[in-house]
Every structure is written in structure tokens, then in C-alpha cells.
2 protein chains.
Amino acid sequence: MGGTVTAAPWKQLLVDALESNAHFKHSSFFQLATVGYNGRPSNRTVVFRGFEEDCDKIQINTDCRSRKIEELKHCPFAEICWYFTDSWEQFRINGTIETIDGSNPDPRKLQQREKCWFASSLNSRLQYLGPNPGLPRLNEEPPKEVILDRSIGPVGAFCVLVLDPEQVDYLNLKSNQRLVFTSTHVNGVKCWTSEEINP
Amino acid sequence: MGGTVTAAPWKQLLVDALESNAHFKHSSFFQLATVGYNGRPSNRTVVFRGFEEDCDKIQINTDCRSRKIEELKHCPFAEICWYFTDSWEQFRINGTIETIDGSNPDPRKLQQREKCWFASSLNSRLQYLGPNPGLPRLNEEPPKEVILDRSIGPVGAFCVLVLDPEQVDYLNLKSNQRLVFTSTHVNGVKCWTSEEINP
């Protein structure tokens, strides 16, 4: 391998993996690790919500009230571990996460949040109207009948996490090949180099 | 829920999930998050190698030369995220990891390491004789023919990670139920309490 390129060379590998594993619903799920206040790691399954338009940034929808939002304020670094169960490929993608909630001052980011909202199913959207995730469940209260008009825009609890990849460690367990892609910034432009390493 | 018990109440849920997903090879894979030297999270797929005998500690085989060993020396905390693709159950298991390598002074721990070695396939064992994982691949060298006698005990690079669970966050996406199991130590004995929380 070698050489420096501006287009993310791992993105095509990931797009191919998504395509070849598309018959499994869970192929769009990956594990997102962050660091908590206590300095300990946190890890949970989230859903891939596509790349940000025309780039390699990864979008995730989440609830503003979930613990990871607090954790990311404290430490914005994250590592995705994405294992494709059919093609036996693993992508470890680390980078920095930006949180876009309804209070974002940038109109383009608010538009991006709105786009993610309308791209998700009505069922997914309903979750953001539910009780505070992680708090004790109050069984006394019967679940309220929630009605959500599909034309209504993002509710307050809805936010989008955008991970900007810095390094990608790709492992193919069928071919036993492992590649590391590393980004650098040259004159403000993100460039990628790659190297084959021992699996 | 409620009450305090000494047997880990989440263990049966996990054993059941393993059983109901056993037809998938990947059901024994989970993602292990640790914290690196730079304070950033790391996340990778590893294989479940069973519970430590008669307890709830989780065993993982790994290569002493892999980066996570250095990371765990610096910060012994980890969180497993284990998603079962067929039953739609997620276990987030956090705790402290002990590393058992060949230099361990405790004969019982060396015996545990030996047991894990012989319980793994010959193919798995061969990996520990390969070149240093994560280092640049030297394509010039043809891969050496490695012969490993199946009666030979653990090689130097083989070590066992033992995760001692402190808290388990269980989520069932089919029933939309979420339970948190928390351990405390009462007179030196680990006890568990559980609580239902909002998913």
C-alpha cells in the first residue's frame, strides 16, 4: 500500500461490506465506545444512519437524555467497532464526535438534524417521546397513547451524533488481511494513508 | 424486581441467550471496550471463552503482544457490549479485567491459563506463533510453515483476560424491557440487586 489520497480509501470497503451483508437487518448495527466521567469505558449498540452528505463522517441518531451525551461533552472521542457477521469483516473507526441538538446555532446543522429525523421510521421517532431512558421504570403509570404526526419535525430529545473518522483499522478474517488507514491534515485538507499490518 | 442475591441473576439470562442464538457462530463474539493511554476509547471484537469455573467471571483469550494488554495495565476497566442478533438482546457488562500470562505467580491461575489454551482449537493456538499483531506486515518473508504439537502447553504470547462484572445492563428489544443489575460487596461477598429502567 502507500501514497496519500484525499478520498477516504476505507469508505468503499465499508460500502461494499454493507452491500454484501444487506440481507441482515443487524448489519447496520455497530458498537460505539466512549469514556465515562469516571474514566471507565462505555459501550453500546447503535444504528448506522448513513454518511454525512459527500463525506466520510458517520451519522447516529440518539436521545439527548441518554448518558452518552453527557459522556461525550466530557470526552468527545469514540471508537466504533463494526463486525459484519456474514463477510467476517471488522472495521474499528475512531474519531471525534459532534453532537447536533435542537439548540445548534448553525442552520445547516439544524437542517441535517431535520433530515435525519425524517429519514427515520415513525416507530424510531416515537422513542424520543417516551420516558427518560435509564431512569427507573414506573410501572404504576400505564404507557400513554402517543400520537405523532409524520409531518412534525424533530422533537427536543432528538439529536444526531456525527463521528469524524481519524483512523480506521480494517480486518478481514476470511483473507486474514489487516489494513490501517490514518488521516492527516495537509493545508486544512484531510488526507489518508494506508498500511498493511499483521492481523 | 428488587432484593439482594449472591448468585448473579443476569447469568441465566446470558446463558439462555447463548443457547437460543447458538446456531450462529458469531453469537459467541462480543465487543470489548477499554481506554487507551491517550484517554481515548478502544473497541474490538473478541470471543467468549466461557465463565471462570463456578462463578460469573468472563474469560477471553488474547495475545500478550496486542495493544489492549498495555491499555489494561494503564486502566483495568472494560465494558463488554454483547448483542445477540437473533433474539435482539443486548448485554452491557462492565467490570475490571485481570490479565493472566505465563509469568503469573499463582499456580491456580497458570492452570486456568493452561485450561483455556487446551480448550481452544489448534487453529486458534497457531495465531500465537504468528508475527507480532499490529506491526507492519513484511511481505518479503514467506509465511513460515508452523507446526504445533497439540500436546504442547500455552506459548509465551498466550494470555487470558478475566473480566469480573460489576454492573450489567440488559436490554431486550423484542419485549422492550431493560434491567440493570448492580453488584455490591457485603462482608466480602459479592451481592446483586436489580432494577427495571426505561429502555
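Taking chain A as a Gaussian network of alpha-carbon nodes connected by springs under 10 Å, the highest mean-square fluctuation of the residues A:H26, A:H74, A:H185 belongs to A:H185.
DSSP finds beta bridges in the range A:41-158, and of those with both partners inside it, around 100 percent are antiparallel.
Given 25 °C and 0.890 mPa s, compute D for the range B:49-111 with the Stokes-Einstein relation, Rh being the Kirkwood radius over Cα pairs; round to the nearest whole µm²/s.
Translational diffusion coefficient: 180 µm²/s.
Legend: mean number of C-beta atoms from other chains within 10 angstrom of residue C-beta atoms, peptide A:77-90, equals 4. Averaging the Cα positions of each part gives two centres, and for the range B:26-93 and the range B:180-199 these lie 20 Å apart. Counting only DSSP H runs of at least 4 residues, each contributing -39500 (n - 2.57), and dividing by the residue count of chain B, the helix-based mean residue ellipticity at 222 nm comes to -5500 deg cm²/dmol.
Ordered by the number of other Cβ atoms lying within 10 Å of each residue's own Cβ, fewest first, A:R49, A:R137 fall into the sequence A:R137, A:R49.
Every Cα-Cα pair of the protein assembly as shown was included, and the share exceeding 25 Å stands at 60 percent.
In nm², what is the average projected area of the convex hull enclosing the Cα atoms of chain B?
The number I arrive at for chain B is 13.8 nm².
The alpha carbon convex hull volume per residue for the range B:1-96 rounds to 128 Å³. With a 10 Å cut-off between alpha carbons and a GNM built on chain A, which of A:E79, A:E145, A:E53 moves the most? Comparing A:E79, A:E145, A:E53 in a Gaussian network model of chain A, the most mobile one is A:E145.
Gyration tensor over the Cα atoms of the range B:63-178: the corresponding equivalent ellipsoid has semi-axes (square roots of 5 times the eigenvalues, largest first) of 31, 19, 16 Å.
No lab work stands behind these numbers, since they all come straight from the coordinates. This one's a predicted model, so the numbers in the text were calculated from it and none came from an experiment. Please note: Cβ atoms are built from the backbone with ideal geometry, for glycine as well, and neighbour counts cover all protein chains shown.
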